Amino acid sequence: MDLNNKRMEMGWDMHIGGINKLSLLDYPDKMCCTIFTVGCNYCCPFCHNSSLVQGTFSGQCIDFEEIIKFLRKRQGLLDGVCMSGGEPLLQIG
């Protein structure tokens with residue numbers, strides 16, 4: 001069973017709007033990638049990702065399976081994954 005079928009079966013619905021494949025800032029003293037989710041229930045005036053959070057995101061969401069493929073290729077190279085957004089905790093899955 002592929003990951004997308006598994007996602008559907010489990011009711012996961014994560015909308016990923018972008019990925020920064022390498023960040024040296026988001027995880028102090030570590031190398032990580034940053035995944036940006038779409039949507040947020042806050043209205044922070046200083047938000048750096050307003051196009052992702054205010055419903056004006058016009059890009060195409062990145063397929064979950066593509067994210068998993070990328071992370072598998074970077075396994076052992078990255079120290080972690082930073083989930084950002086938008087508000088990741090609003091995502092189902």
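Full extension of the chain between PHE70 and SER50 yields a length gain of 4.7 nm, computed as 0.36 nm times the residue separation minus the alpha carbon distance. Label sites at MET31 and ASP13, each approximated as a point 7 angstrom past Cα along Cα to Cβ, lie 3.7 nm apart. Surface composition of segment 39-93: carbon plus sulfur atoms contribute 53% of the solvent-accessible area (1.4 Å probe, protein chains only, all chains present). The trypsin sites (Lys or Arg not before Pro) of segment 36-93 that DSSP puts in a loop, and whose beta carbon has at most 16 other beta carbons within 10 Å, are ARG74.
Rounded, prolate or oblate: which fits segment 37-93 when a ≥ b ≥ c are the square roots of the eigenvalues of the alpha-carbon gyration tensor, with rounded for a/c under 1.5 and prolate only if a/b beats b/c?
Working: a/c = 2.41, a/b = 1.86, b/c = 1.30.
Prolate is the answer for segment 37-93, as a/c is 1.5 or above and a/b outweighs b/c.
Treating r as the C-beta distance of TYR42 and VAL81 and R0 as 30 Å, the FRET efficiency rounds to 0.85.
The values are calculated or read from the model by the stated rules, or taken from the named source; none is laboratory data. Bear in mind that the values here come from a model prediction, so they are computed numbers and not experimental data. We place every Cβ from the backbone using ideal geometry, glycine too, and count neighbours over all the protein chains shown. What goes into the accessible areas is simple: the full protein's heavy atoms, side chains included, and nothing from ligands, DNA or RNA. Shrake-Rupley method; radii C 1.70, N 1.55, O 1.52, S 1.80 Å.
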